[in-house]
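Novice: The structure that follows is given in the form of structure tokens.
The values are calculated or read from the model by the stated rules, or taken from the named source; none is laboratory data. Please read all numbers here as calculations on a predicted model, not as lab measurements. Methodologically, a virtual Cβ is constructed for each residue, glycine included, from the backbone with ideal geometry; neighbour enumeration extends over all protein chains shown.
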Amino acid sequence: MAIAAAISLSLPPQTRRSSASIAAPFRSTSSLHFDSLRSNFSSLKNPNLRVSASSMSIGTPEKISTTSFLDRRESGFLHFVKYHGLGNDFILVDNRDSTEPRVTPEQAVKLCDRNFGIGADGVIFAMPGVNGTDYTMRIFNSDGSEPEVKVDMGEPILKASDVPTKLPANKDQAAVKADINVDGVTWNVTCVSMGNPHCVTFGNRQSQNLTVDELNLAAIGPKFEHHEMFPARTNTEFVEVFSHEHLKMRVWERGAGATLACGTGACAVVVAAVLEGRAGRSCTVDLPGGPLDIEWKEEDNHVYMTGPAEVVFYGSVAV
């Protein structure tokens, strides 16, 4: 979920500090810092699209003040901003006036529908701040589920039971290059959590070096996601190694399916590549939506990601 980690909000002023925390049920086990993923609402002027999803009409508005647009609270309407990071797209909602999301998981599914709704991989809610922070965050996936993903990732979680996976630990309590049988094929996988579970594979017994573009992701992805070895389901990354500093991945996201980008997945891929001796700690990771720069620093054991976040359009939808 690259975009979830990419957006730094500068919403209508309640405070002006650029801090963020994640509301329950997000776990606070790590603290990833993003070097250049800073895209503020306050810098956006004259958005060129406004969507009325009730009629599915698109118009070009007069000059719209970012602050006044997001401050609107008409009964029955939800105002939002559509963002994407390398094609990993989310509907962003200013929800700081309530501790409950402005839409239900069931409504989020409808909003994320790419044929009958706005279309997105999920809905991000900027929630009221806690413990002195400006805001907290919650996410509903496109299937209505709620992930553990967080803005601050920090140290990867490698202990197998904490990822979680039922695969037996084989290296310092971690599952590294472990065998897993999926639909009759034995795959080698490394399990990593970046606050959410990831299963990373570079190949199987039939093909030790993947060519990821040849994979039937829609067929194999769900079988990993729902495998009995992953009690909380899992995100799965299929990885091709070009060099010690250059990797390519395709991802099947838990609750979202095939997506164009996944920031936590790219981080997990580099961690797994280092653990398996396939790559160094600083890599460019190619995703279908574009590249991310990932570094797993030895000094503090934190993972750092650099990549884009871009506004797509502003909109209003009847709910």
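Novice: Where the second residue is assigned to a loop (DSSP other than H, G, I, E, B) and the first is closer than 11 Å to F224 by Cα and lies in segment 196-210, which pairs have Cβ atoms under 6 Å and are six or more apart or on separate chains?
Specialist: Every condition considered, the pairs that remain are C199/T234.
Okay, residues lined up against (1) within 27 Å of F125 (Cβ to Cβ); (2) of a type in the set (A, V, I, L, M); (3) surrounded by fewer than 24 Cβ atoms within 10 Å (Cβ to Cβ):
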residue: D162; (1), (2), (3): yes, no, yes
residue: T165; (1), (2), (3): no, no, no
residue: K171; (1), (2), (3): no, no, yes
residue: V189; (1), (2), (3): no, yes, no
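Novice: Do you know which of the residues in segment 211-229 that are free of Cβ contacts under 8 Å to residues at least 24 places away in the same chain and not in a helix (DSSP H, G or I) is farthest from P147 (Cα to Cα)?
Specialist: N216
Novice: Could you say whether any residue in segment 169-187 is under 20 Å from T306 (Cα atoms) and either outside any loop (DSSP other than H, G, I, E, B) or under 22 Å from the mean Cα position of the chain (by Cα) (or both)?
Specialist: No, segment 169-187 contains no residue that is under 20 Å from T306 (Cα atoms) and either outside any loop (DSSP other than H, G, I, E, B) or under 22 Å from the mean Cα position of the chain (by Cα) (or both).
Novice: Also, I was wondering about something else. From the list V274, V251, V270, V311, pick out the single residue that is touching a Leu at 6+ places or on another chain (Cβ under 6 Å) and either in the same structural domain as E214 (by TED's automatic domain parsing) or more than 21 Å from N209 (Cα to Cα) (or both).
Specialist: Going through V274, V251, V270, V311 in turn, the sole match is V311.
Novice: Kindly indicate whether A232 is of a type outside the set (S, T, Y), within 20 Å of G195 (Cα to Cα) and without any contact (Cβ under 8 Å) to a residue 60 or more places away in the chain.
Specialist: No.
Novice: Residues in segment 214-245 that are within 25 Å of I294 (Cα to Cα) and under 21 Å from the mean Cα position of the chain (by Cα): how many?
Specialist: Selection size over segment 214-245: 12.
Novice: Still on this model: Of all the residues that make up segment 95-113, how many are within 12 Å of D143 (Cα to Cα) and in a loop (DSSP other than H, G, I, E, B)?
Specialist: 2
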